[in-house]
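Trainee: Structure below; questions to follow.
The values are calculated or read from the model by the stated rules, or taken from the named source; none is laboratory data. Being a predicted model, the structure only gives us computed values, none of them experimental. As a convention, Cβ positions derive from the backbone with ideal geometry for all residues, glycine included, and neighbour counts pool all protein chains shown. Quick note on the areas: whole protein, heavy atoms, side chains included, nothing else; ligands and nucleic acids left out. Shrake-Rupley method; radii C 1.70, N 1.55, O 1.52, S 1.80 Å.
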Amino acid sequence: MTATRPMILPLPGNEALAASLAGTAGAELGRVTVRHFPDGETYVKIESSVEGREVVLACTLHRPDDKVLPLAFVAATARELGAAGVGLVAPYLAYMRQDRRFRAGEGITSTYFARLLSTAVAWIVTVDPHLHRRTNLREIYSIPTTVGHAAPLLSEWIAERVQRPVLVGPDAESAQWVNAVAGAAGAPSVVLEKVRHGDRDVEVKLPDMDRWREHTPVLIDDIISTAGTMIETVRRLRRSGFAAPVCIGVHPVFAPGAYEELLESGAREVVTCNTIPHVSNGIDVVPLLARGLTDQLARLAPQ
Ligand code: R5P
């Protein structure tokens, strides 16, 4: 790292994240222009001087296909203009769910995406990537990565706002994570049995929850996409006579209409982390990201 402050460059749609990150991490906020030529190709221009600076691209990666090419172009431009290094803060890291070949002929896109990003930037800071069948980003990313964990923030939010909560996790794999959130919130927890039949077709089985009948169910998941998992669980809980559940997601990916459908299904409230800008954002992960950023820059600093 050079003596000058790092510069944070927001990709389109990440201006608020970049400003908040710059303020929290003591970095300078720079400016980039990204637009499309009439033929659909991407034009990029870095408006701030990056020479000799550590450059940090701020770009969350939901709906990633339109974002990755501009991101790679801005990174390459920064390097050519003399940046000391180029890293990425991506609060939501995409393409983590297709982590094996479920059916013959499928691509393992989490691996290919990781290879692609590993050539575009020198390091990544993110929050709770969906590590289901993998235990560490190192298994697929060849660059240094720092992962922030939202669990303590979720526990704090629940402890402050929900009376007598019982936490409900989406599946057996999430048990450890859900138990940790529940433990810190001083609440009991259960996990569902989930079978996914298709993108939008999810079957959930509730465990025996009779002893928690007087509690408020708090559904937690790392990703809410179609919201099928949560909608199905909310409906079952409501049918069994439970109070309207609170739904908490780390990453509000939300397919079109999913958020509205979840609210209509009988949820009391839907709250998410601001890893992706959404009206449901209520838990701030910027301090986590700023800590990760500081760690990455410290690693680069001359000893
Ligand atoms: C999957 O293993 C994740 O933890 C989530 O449960 C899943 O992504 C939720 O997807 P959806 O909102 O489409 O049910």
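For every residue, the table says whether it meets (1) within 14 Å of the ligand (Cβ to nearest atom); (2) open to solvent by less than 10 Å² (accessible area, probe 1.4 Å); (3) within 19 Å of A150 (Cα to Cα).
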{"site": "Q163", "(1), (2), (3)": "no, no, no"}
{"site": "A185", "(1), (2), (3)": "no, no, yes"}
{"site": "K205", "(1), (2), (3)": "no, no, no"}
{"site": "D208", "(1), (2), (3)": "no, no, no"}
{"site": "H215", "(1), (2), (3)": "no, no, no"}
{"site": "D222", "(1), (2), (3)": "yes, no, yes"}
{"site": "V246", "(1), (2), (3)": "no, yes, yes"}
{"site": "A267", "(1), (2), (3)": "yes, no, no"}
{"site": "T272", "(1), (2), (3)": "yes, yes, yes"}
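Trainee: Being assigned to a helix (DSSP H, G or I), of a type in the set (F, W, Y) and exposed (fewer than 15 other Cβ atoms within 10 Å of the Cβ) is the filter here; which residues of segment 96-135 pass it?
Mentor: Of segment 96-135, the ones assigned to a helix (DSSP H, G or I) are 109-120.
From what's left, of a type in the set (F, W, Y): 112-113.
Answer for segment 96-135, where residues must be assigned to a helix (DSSP H, G or I), of a type in the set (F, W, Y) and exposed (fewer than 15 other Cβ atoms within 10 Å of the Cβ): just Y112.
Trainee: Continuing with the same structure: Does at least one position in segment 170-182 carry a residue that is part of a loop (DSSP other than H, G, I, E, B), under 16 Å from T272 (Cβ atoms) and open to solvent by less than 20 Å² (accessible area, probe 1.4 Å)? Spell out the reasoning first.
Mentor: Step one: filter segment 170-182 for residues part of a loop (DSSP other than H, G, I, E, B), giving 170-171.
Now drop any that are not under 16 Å from T272 (Cβ atoms), which leaves 170.
Adding the requirement that they be open to solvent by less than 20 Å² (accessible area, probe 1.4 Å) leaves 170.
Looking through segment 170-182, at least one residue is part of a loop (DSSP other than H, G, I, E, B), under 16 Å from T272 (Cβ atoms) and open to solvent by less than 20 Å² (accessible area, probe 1.4 Å).
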